[in-house]
Every structure is written in C-alpha cells, then in structure tokens.
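Q: Structure below; questions to follow.
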Amino acid sequence: MVPGLFQTERYARFLIESKSDVSPEQVERRLKIRMARQALVSRIAHPLWVKMVLNEDVLHCPIGGTDVMVEQLRHLVVVSQRNNVTLRVMPFSAGFHPGILSGPFVKLGFPITANGSPSEPATVYVEGFTGALFLEQPQEIEQYSEAFAGIWEASMSEVESVNYIAKLAREMQ
C-alpha cells in the first residue's frame, strides 16, 4: 500500500475502516493523526526528506474503488514534485530484487548535530499487521541499507516513475 505520509484522506480512511475492530471514533482519530503527520513532509522549515520505492502492484490495486485510487495516484504525482520527495516505482519486470526478501520498511535518518554526529542513531521501522518493529542494531541497519541500495538500483528512474503513475491515473479514469 501507499505509505501513510503520502495517502489521501479517502485512501487512508478506507484502510483504517477495513480493520473490523476499529470504532467510528477511532477511525476519525487515526485519520486525523495520519493526515497531521503529512505536514512533516510539506512544512517549510526543515521538512522530512523522503526517498521511496513503491512496488508496481501497489499502483494497480484500486484500494477504496477506482475514484479513490485515481485521486491517490494523482496525489503521488503532485507530492513527487516536491524537492524533498524522491519517488520511484519497482516494475514487475525487475523480477527478483532485495525488496522481495526484506518486505516493506522505512529507514529513518536523523539530523546531524554541530559536532558532526547524528542526533539519534539510524533506525529501521518495519510495520506488520499487528504491530511494528524498530531496529537499531548497526548490523540490521547495514543489511537494510544494502537492501535499499539494491531496490533503488532495480527501480524505474524518478521521471519514468512519475510518468508511469500519471499514465495509470489517466487510464484508470
């Protein structure tokens, strides 16, 4: 699925509501939190810098229906134009790549302090169906860093990716 930082409200709502144990009040609270987090990417001062690769299948799965998915695809095109967001697509044609073994993950890097060291250690965040893992051991970070390098290398270029997403949005209408 599209990462929460880049989900439209309707796409996010559909995903949150799809869990049977979530009350309407919890849906609204979770949705509000998810949408508020997106300001971290769009804020003027010190926005998050994001490099992401989406599997092509994510773009073809009409989560929430066709109209919700078209809106989501268009949103991805718009956010990919930000200087702090780099988006690529992993095509089906790539075949086997490190992402197949690693599954989805987020590598978090933190600002460098005045003495030249990170303010916090790098962390890998892996979200599952019932919870999440935060990995901080250097060997774990290195393995995920190597996996991401392979994923990045196997994916479409940024221009190809954005053009492909825009084309899918037009075709899906």
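Read-outs: derived from the displayed coordinates by stated rules, not from any lab. Predicted model only: the values in this text are computed from it and were never measured. Note: ideal-geometry Cβ built from the backbone for every residue, glycine included; neighbour counts use all protein chains shown.
Q: Can you classify region 16-82 as rounded, prolate or oblate using the Cα gyration tensor, where a ≥ b ≥ c are the square roots of its eigenvalues, rounded means a/c under 1.5, and otherwise it's prolate if a/b beats b/c and oblate if not?
A: It comes out oblate by the Cα gyration axes.
Q: Dipole of region 8-120, Cα-centred, from +1 at each Lys and Arg C-beta and -1 at each Asp and Glu C-beta, to the nearest 20 debye?
A: Here the size comes out at about 360 debye.
Q: Once Lys and Arg get +1 and Asp and Glu get -1 on their Cβ, which of Gly131, Ala114, Phe148 lies farthest toward the positive end of the dipole of region 1-149?
A: Of the options given, the answer is Ala114.
Q: Can you list residues from other chains, or at least 5 along the same chain, whose modelled amide H is less than 5 Å from the amide H of Thr86?
A: Val50, Lys51, Met52
Q: For Val53, what is the net charge nearby, where nearby means another residue's Cβ is under 11 Å from its Cβ and Lys, Arg count +1, Asp, Glu -1?
A: In short, -1.
Q: Which value at 222 nm does the chain reach when only helices count, each DSSP H run of 4 or more adding -39,500 (n - 2.57), with the total divided by all residues and rounded to the nearest 500 deg cm²/dmol?
A: Result for the chain, helices only: -14500 deg cm²/dmol.
Q: Which value in nm describes the separation of the simple spin-label points at Glu9 and Glu142, placed 7 Å from the Cα toward the beta carbon?
A: 4.7
Q: What does DSSP give for region 47-125 in terms of the percent of beta bridges that are antiparallel, rounded to the nearest 5?
A: In region 47-125, DSSP labels about 40 percent of beta bridges as antiparallel.
Q: Ok, one more. Separation of region 116-173 and region 12-46 by C-alpha centroid, Å?
A: 20
Q: Let me ask another. In region 16-109, what chymotrypsin sites (Phe, Trp or Tyr not before Pro) fall in a loop by DSSP, with at most 15 other Cβ atoms inside 10 Å?
A: Trp49, Phe96
Q: Connecting C-alpha atoms closer than 10 Å in a GNM of the chain, tell me which of Tyr144, Tyr11, Tyr125 has the biggest fluctuation.
A: The residue with the greatest mean-square fluctuation here is Tyr125.
Q: If the cut-off is 27 Å between C-alpha atoms, which lysines fall inside it for Lys167, apart from same-chain ones fewer than 8 positions away?
A: Partners within reach: Lys51.
Q: Which residues does a label at Lys19 reach in region 39-74, if reach means a backbone N under 18 Å from a point 7 Å past the Cα toward the Cβ?
A: 64
Q: Can you return the aspartates and glutamates within cross-link range of Lys32? Criterion is Cα-Cα under 12 Å, with same-chain partners fewer than 8 residues away left out.
A: Reachable aspartates and glutamates: Glu9.
Q: Using a/c under 1.5 as the rounded threshold, could you call region 125-173 rounded, prolate or oblate? The axes a ≥ b ≥ c are square roots of the C-alpha gyration tensor eigenvalues, and prolate needs a/b larger than b/c, oblate otherwise.
A: On the way: a/c = 5.32, a/b = 1.78, b/c = 2.99.
It is oblate, given that a/c is not under 1.5 and a/b is not larger than b/c.
Q: While we're here: In the neighborhood of Val70, defined by Cβ-to-Cβ distances under 14 Å, what is the net charge if each Lys or Arg adds +1 and each Asp or Glu adds -1?
A: Within the 14 Å Cβ shell, the charges total +1.
Q: While we're here: Mind giving me the nanometre distance, one decimal, between the label points for Val58 and Asn83, set 7 Å out from Cα along Cα→Cβ?
A: 2.5
Q: Of the DSSP beta bridges with both residues in the chain, give the percent that are antiparallel, rounding to the nearest 5. Intermediate results must be reported in sequence, preceding the final value.
A: On the way: 8 of 14 bridges.
The answer is about 55 percent antiparallel.
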